[in-house]
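A.B. asks: Right, I'll just put the structure down here and ask away after.
The values are calculated or read from the model by the stated rules, or taken from the named source; none is laboratory data. None of these values were measured; they are calculated from a predicted model. Cβ: placed from backbone, ideal geometry, glycine included. Neighbour counts: every protein chain shown. Each accessible area value is taken on the protein alone, full model and side chains, heavy atoms only, with ligands, DNA and RNA left out. Shrake-Rupley method; radii C 1.70, N 1.55, O 1.52, S 1.80 Å.
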Amino acid sequence: MALAMIWVFMILLALAVPVAHAMLGGVGVALILDGKPLAVILQRLYTPTQSFPMLAIPFFILAGSLMMSGKFGVYLVNIARLLVGNFKGGLGQVSIIGSVMFGGVSGSAVADATALGNALIPVQLKEGYPKGFAAAINSASSTVSVLIPPSIPLILFGLVSNVSIVDLFVAGILPGLMLGIGMFAMVWWVAHRRNLPRAPLEGGFQAFKGQIFTAVPALLMPVFVIGTLRFGIATPTEVSVMAVAYALFVSGFVYRDLNARLIWAACVETAMMTGAVMFIIMASSTIQWLLTVERVPQTLAIWVTSSFSEPWMIILAMNIVMLVVGAFLDLPAAVLLLGPLFVTVGQAIGLDLVQLGLMMVVNLSIGLYTPPVGTTLFISAAIARTGIGEVVKSLMPFYFVALIVLLLISYVPALTIY
Amino acid sequence: EEVIFAHGANAGNPRFVAAEKWAELFSACTDGKDTVNVAPSATMGNDVEMLTSATGGVIQVTANSQGAMSQIVPEIGLLGLPFLFKDLPTAWKVLDGDVGAMLDKRAQDSGLKILGFWDNGIRNVTHVSKFVSEPADIKGMKIRTPPDQMTVDIFEALGAAPAPLAWSELPTALQSGVFDGQENPLTNIYSAKLHEITPYVTMTGHKYESTPVVAGLSWWQGLDEKTQGCAIEATKEAGKLQRQMSLEGDETLRPKMEAEGAKFAEADKKAYQEATASVYEKYAKQYPDLVEALKKAAAE
Amino acid sequence: MTGAGGPVPGAARKGASPFLRLLAGLTFLLESSGKVIAVACLAFMFVALLTNVILRYAFDSGIPWAYEIHAVLLPWLVAGGLVIASARGRNIAITLLAEILQGRKRLVLQAIIQVTIIIIALGVLWSGQPILKASRFQTLSTLGIKQVWGYASLVYAFAAIALIAFADLVRVFRGIDVMDHDPENASLS
Ligand code: NA
Ligand code: NA
């Protein structure tokens, strides 16, 4: 009956029914055809809300939102301009460096694409960047955020696979930097070919000197997050709560740009994002129930291990499946849907689960800027006021970089397991 | 008809093996009329969720936990009174007798049918730097407990500082030094590698825990008498196997853990028993008859 | 081109019949309830968990119920957030088909979507009754609260989703486009 579920899900999805509702529709039809009790839907919807580690999601969203709503965003862009503005295509480079730094504050690529896109794309267009290229840089580089800790997709993978979230966070740094450096090189190359302008910070270091100390507390956030986790001072959920306290402190006492209205807006935004993310997580949990009862993971694991003789072929097959699924499904939903299946397969071929987690997130984050459904792609195209097709053309070099990194993560364990 | 039997244990755990055995026995007893779909590793949710599922008819049977069950039938929590049973066979005798029947009756008021009791072992204390052989050693110890009132009461009576924490957060919390130690049956300690962080294992055996095997009452009542008999019989037979493995488990785990660096010591149980007597008084106020009956049955 | 939340401009354009205004008011009310519930839960959990962390590190003692409070409050935070997202039309969807279709066909598609959402939301509520009944028997161990108070959040969320979808459906019948096209508003990852 899993097939009936997939068909109904796909049809509803094509009709533009929201993803979570479409999942529930598919599961409902499958349960009826199977003669299984529909009551399971409500029960499984509830399950993810009972997980304590899941609390880290709203608090990391809130911390990032509080930080970005104030002056921190401006400082961030200024630091990036100071560092890389002198390169050709400087504003493109700023976008990438910005994403790496922003990644340490936020666990979400969409927050990154929205915040940095709105700040940088309009300026890039004014300086003569092709619309498609400006949107392409933003949609691809913002995915670095989900690799540099904290990371919501990595938390989700940790939850479904029982792998330590701390290990996943630590292992995410290197792939995140690799992606950043690769994209940096691509922007440099394109900028030289198209002769894009430099964008140094006006007044240079002298002008910035006064700001540097005020920017430091915000930039210390990633150090704080990784430090507390890495040295086992606190658990991920506790760190997410302390990150909110830290963000409140920094914007309240250092930047002094915090007010009740801002806090309320950040909380409402966080609640809405948590609701939308969790609803998909909850709906996936009903799908997982159905797949478990029908023993799909075991069947799949047996099928995969018996039809492919070599582990490298299985890893390749998993990557292809993820690229396809990621093109259609949003990143958190895809992690939750494929995570349990691939953990079974990964264990069968002795693949380290931390490596598998990074492989999944690197792979599925490519889906954020591939059509037909790509959230950072949509956001960036909307900000640049251009068509998806234009952006995709300019994205080719970024796909190339991301696939190289994916290949390395998939086949070189040393990059993720220390 | 398909019967879903769900539990939270992973491969290698006695509960996992017993569940497979249950499936085999039940299916054979009903001449293959009913097939059993065993869902291990909490794939159907955690213990609390599995109980909701069974009551709501989403699954049929679950090998569950004493803690989750006591959220529905608080009396089941009394099985964990400190140092109640002198050994496992005594506990089994009590559970298979009148006390078990009484608990089953209480469960049926809440939409659940207890098919029988398997084991979950006896709990011991692990510490990061020392043994706690005497009650005095445990004074002031920051100890992680599950969110279970009985366990918290026991360690408060001993003068320790118990704090409940989610199981999933335990290894990080122990590493961070927030806690001096924790308490669990050896199987759990071994499978989560907790002895690598807290190598000092004191065999306190302070608390017994059962694994109630529970069916949804509406499903149960819809069965014919023969099938009901099959379910009870399968639980009993698989339970024998499970209890045997559980008994041997502690004996085989100890050398394994020692080889991995854990150190073991015995506890002065008599002194501990006296130090925790106040816990009995507290619960005797709430459940005077049952506490008395349990003490008597355990002493026989 | 407008989301469903707040004072609906589309309704105003159409001369705002009293019925449409009533529906806009209903959606607004539901969204506001979602905001109040979600923000209250978020704030309370933040204070409780932060206090617990501070107490644990500074004074070696915590609040026992800090580890259980999410069992009731996280579902309500999610439910509130979900109602806000539904009222603003910001649940994630693949809108390719809706982008292609124009005019009447587009409205027909939107009607189908809203009807589907209503059926699914009501279906979840109706089929979930045995679980709601079961949850009345379970008590959270340190808080002493019945599980059903947590499950009630889902009843609230799905009832609100159905009502919001119904209001949108009526708007569609009056010829109002209820889809939100701004992908930034549909942020998720
Ligand atoms: Na991040
Ligand atoms: Na995509």
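A.B. asks: Checking the condition more than 7 Å from chain A (Cβ to nearest Cβ) and open to solvent by 10 Å² or more (accessible area, probe 1.4 Å), which residue from C:Ala40, C:Ala48, C:Ala66 passes?
C.D. replies: C:Ala40 is the lone residue from the list that is more than 7 Å from chain A (Cβ to nearest Cβ) and open to solvent by 10 Å² or more (accessible area, probe 1.4 Å).
A.B. asks: Of the residues A:Leu154, A:Leu177, A:Leu147, only one is within 16 Å of ligand 1 (Cβ to nearest atom) and either surrounded by fewer than 24 Cβ atoms within 10 Å (Cβ to Cβ) or modelled with pLDDT of 95 or more (or both); which?
C.D. replies: Step by step, each of A:Leu154, A:Leu177, A:Leu147 is checked, and only A:Leu177 is within 16 Å of ligand 1 (Cβ to nearest atom) and either surrounded by fewer than 24 Cβ atoms within 10 Å (Cβ to Cβ) or modelled with pLDDT of 95 or more (or both).
Table: residues versus (1) in contact with a Gly (Cβ under 8 Å, 6 or more places away or on another chain); (2) at pLDDT 95 or above.
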| site | (1), (2) |
| --- | --- |
| B:Leu223 | no, yes |
| B:Gln228 | no, yes |
| B:Glu233 | no, yes |
| B:Lys236 | yes, yes |
| B:Lys256 | no, no |
| B:Phe264 | no, yes |
| B:Pro288 | no, no |
| B:Ala293 | no, no |
| B:Ala298 | no, no |
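A.B. asks: Which ones in segment C:115-154 are under 24 Å from A:Ala22 (Cβ atoms) and either open to solvent by less than 20 Å² (accessible area, probe 1.4 Å) or within 7 Å of another protein chain (Cβ to nearest Cβ) (or both)?
C.D. replies: Scanning segment C:115-154 gives C:Thr116, C:Ile117, C:Ile120, C:Ala121, C:Gly123, C:Val124, C:Ser127, C:Gly128, C:Ile131, C:Tyr151, C:Ser153, C:Leu154.
One line per residue, one yes/no per condition, for (1) within 13 Å of ligand 2 (Cβ to nearest atom); (2) modelled with pLDDT of 85 or more; (3) of a type in the set (Val, Ile, Thr):
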site	(1), (2), (3)
A:Ala317	no, yes, no
A:Leu323	yes, yes, no
A:Gly350	no, yes, no
A:Met359	no, yes, no
A:Tyr369	yes, yes, no
A:Val373	yes, no, yes
A:Thr376	yes, yes, yes
A:Gly387	no, no, no
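A.B. asks: Which fully enclosed helices (runs of 4 or more DSSP H) of segment A:84-187 have 3 or more residues being more than 16 Å from ligand 2 (Cβ to nearest atom), within 14 Å of chain C (Cβ to nearest Cβ) and within 21 Å of A:Pro371 (Cα to Cα)?
C.D. replies: A:109-126
A.B. asks: Among the residues of segment B:125-163, count how many are of a type in the set (D, E, K, R) and within 14 Å of another protein chain (Cβ to nearest Cβ).
C.D. replies: Selection size over segment B:125-163: 6.
A.B. asks: Next question. Would you please list the contacts, defined by Cβ atoms under 7 Å and residues six or more apart or on different chains, that run from a residue in segment A:150-166 that is in contact (Cβ under 8 Å) with a residue 40 or more places away in the chain to a residue that is among the polar types (S, T, N, Q) and surrounded by 24 or more Cβ atoms within 10 Å (Cβ to Cβ)?
C.D. replies: Hits for this filter: A:Ile152/A:Ser108.
A.B. asks: Among (1) within 13 Å of chain C (Cβ to nearest Cβ); (2) within 16 Å of ligand 2 (Cβ to nearest atom), which single condition is A:Ala63 missing?
C.D. replies: A:Ala63 satisfies all of (1) within 13 Å of chain C (Cβ to nearest Cβ); (2) within 16 Å of ligand 2 (Cβ to nearest atom) except (2).
A.B. asks: Here's another thing I want to ask about it. Here is a check on your reading of the model: is A:Leu341 within 14 Å of another protein chain (Cβ to nearest Cβ) and either touching a strand residue (DSSP E or B) at 6+ places or on another chain (Cβ under 9 Å) or within 16 Å of ligand 1 (Cβ to nearest atom) (or both)?
C.D. replies: No.
A.B. asks: Here's something else I'd like to know. Taking segment A:96-119, which residues are surrounded by 24 or more Cβ atoms within 10 Å (Cβ to Cβ) and away from ligand 1 (no atom under 16 Å from the Cβ)?
C.D. replies: Of everything in segment A:96-119, just one residue is surrounded by 24 or more Cβ atoms within 10 Å (Cβ to Cβ) and away from ligand 1 (no atom under 16 Å from the Cβ), namely A:Gly117.
A.B. asks: Report, by residue number, each residue of segment C:159-189 that is assigned to a helix (DSSP H, G or I) and at pLDDT below 90.
C.D. replies: C:Pro183, C:Glu184, C:Asn185, C:Ala186
A.B. asks: Residues being within 15 Å of ligand 1 (Cβ to nearest atom), closer than 13 Å to A:Ala136 by Cα and away from chain C (no Cβ under 11 Å): count how many of those fall in segment A:358-368.
C.D. replies: 0
A.B. asks: Test A:Leu55 against the stated conditions and say whether it is open to solvent by less than 10 Å² (accessible area, probe 1.4 Å) and touching a His at 6+ places or on another chain (Cβ under 8 Å).
C.D. replies: yes
A.B. asks: Could I ask something else about it? Could you please give the count of residues in segment A:22-52 that are buried (at least 24 other Cβ atoms within 10 Å of the Cβ) and not in a helix (DSSP H, G or I)?
C.D. replies: Adding up the residues that qualify gives 1.
A.B. asks: So if I check each of C:Leu55, C:Leu74, C:Leu29, which one is more than 15 Å from the chain's Cα centre (by Cα) and either surrounded by fewer than 22 Cβ atoms within 10 Å (Cβ to Cβ) or within 10 Å of chain A (Cβ to nearest Cβ) (or both)?
C.D. replies: Of C:Leu55, C:Leu74, C:Leu29, the one residue that is more than 15 Å from the chain's Cα centre (by Cα) and either surrounded by fewer than 22 Cβ atoms within 10 Å (Cβ to Cβ) or within 10 Å of chain A (Cβ to nearest Cβ) (or both) is C:Leu55.
A.B. asks: On to the next question. Within the group A:Pro397, A:Pro371, which residue is open to solvent by 40 Å² or more (accessible area, probe 1.4 Å) and more than 16 Å from ligand 1 (Cβ to nearest atom)?
C.D. replies: Being open to solvent by 40 Å² or more (accessible area, probe 1.4 Å) and more than 16 Å from ligand 1 (Cβ to nearest atom) holds for just one of A:Pro397, A:Pro371, which is A:Pro371.
A.B. asks: Go through (1) closer than 27 Å to A:Glu238 by Cβ; (2) surrounded by fewer than 23 Cβ atoms within 10 Å (Cβ to Cβ); (3) in contact (Cβ under 8 Å) with a residue 24 or more places away in the chain; (4) away from ligand 1 (no atom under 13 Å from the Cβ) one by one and return the number of the condition A:Arg194 breaks.
C.D. replies: Going through (1) closer than 27 Å to A:Glu238 by Cβ; (2) surrounded by fewer than 23 Cβ atoms within 10 Å (Cβ to Cβ); (3) in contact (Cβ under 8 Å) with a residue 24 or more places away in the chain; (4) away from ligand 1 (no atom under 13 Å from the Cβ) one by one, A:Arg194 breaks only (1).
A.B. asks: Taking interchain pairs and intrachain pairs at least six residues apart, which have beta carbon atoms under 7 angstrom, with the first residue in segment A:320-334 and within 16 Å of ligand 1 (Cβ to nearest atom) and the second of a type in the set (Ser, Thr, Tyr)?
C.D. replies: A:Leu331/A:Ser365; A:Leu331/C:Ser189; A:Pro332/C:Ser189
A.B. asks: Go through segment B:191-281 and tell me which helices (runs of 4 or more DSSP H), entirely inside it, have 1 or more residues that are over 30 Å from B:Thr55 (Cβ atoms).
C.D. replies: So the answer is B:225-259, B:269-275.
A.B. asks: Residues that are of a type in the set (Ser, Thr, Tyr) and over 17 Å from the mean Cα position of the chain (by Cα), at least 1 per element: which helices (runs of 4 or more DSSP H) completely within segment B:1-75 meet that?
C.D. replies: Qualifying helices (runs of 4 or more DSSP H): B:14-29, B:47-55.
A.B. asks: Another one. How about segment A:325-338: which of its residues are within 29 Å of B:Val61 (Cβ to Cβ) and either within 15 Å of ligand 2 (Cβ to nearest atom) or surrounded by fewer than 23 Cβ atoms within 10 Å (Cβ to Cβ) (or both)?
C.D. replies: A:Leu337
A.B. asks: Of all residues in segment B:62-118 being over 21 Å from B:Met44 (Cβ atoms) and among the β-branched types (Val, Ile, Thr), which is farthest from the other protein chains (Cβ to nearest Cβ)?
C.D. replies: B:Thr90
A.B. asks: Would you confirm whether or not segment A:269-278 contains a residue that is at pLDDT below 90, within 16 Å of ligand 2 (Cβ to nearest atom), touching a helix residue (DSSP H, G or I) at 6+ places or on another chain (Cβ under 6 Å) and open to solvent by less than 50 Å² (accessible area, probe 1.4 Å)?
C.D. replies: no
A.B. asks: Kindly list the number of the only condition in (1) buried (at least 20 other Cβ atoms within 10 Å of the Cβ); (2) touching a strand residue (DSSP E or B) at 6+ places or on another chain (Cβ under 9 Å) that fails for B:Ala275.
C.D. replies: B:Ala275 satisfies all of (1) buried (at least 20 other Cβ atoms within 10 Å of the Cβ); (2) touching a strand residue (DSSP E or B) at 6+ places or on another chain (Cβ under 9 Å) except (2).
So that you can scan it fast, the table gives a plain yes or no per residue for (1) in contact with a helix residue (DSSP H, G or I) (Cβ under 8 Å, 6 or more places away or on another chain); (2) closer than 17 Å to B:Ser191 by Cα:
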| residue | (1), (2) |
| --- | --- |
| B:Gln228 | yes, no |
| B:Glu233 | yes, no |
| B:Ser246 | yes, yes |
| B:Glu251 | no, yes |
| B:Arg254 | yes, yes |
| B:Ala259 | no, yes |
| B:Ala262 | yes, yes |
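A.B. asks: Can you tell which of A:Gln347, A:Gln355 is within 14 Å of another protein chain (Cβ to nearest Cβ), assigned to a helix (DSSP H, G or I), away from ligand 1 (no atom under 16 Å from the Cβ) and surrounded by fewer than 24 Cβ atoms within 10 Å (Cβ to Cβ)?
C.D. replies: When all the criteria are applied, what remains is A:Gln347.
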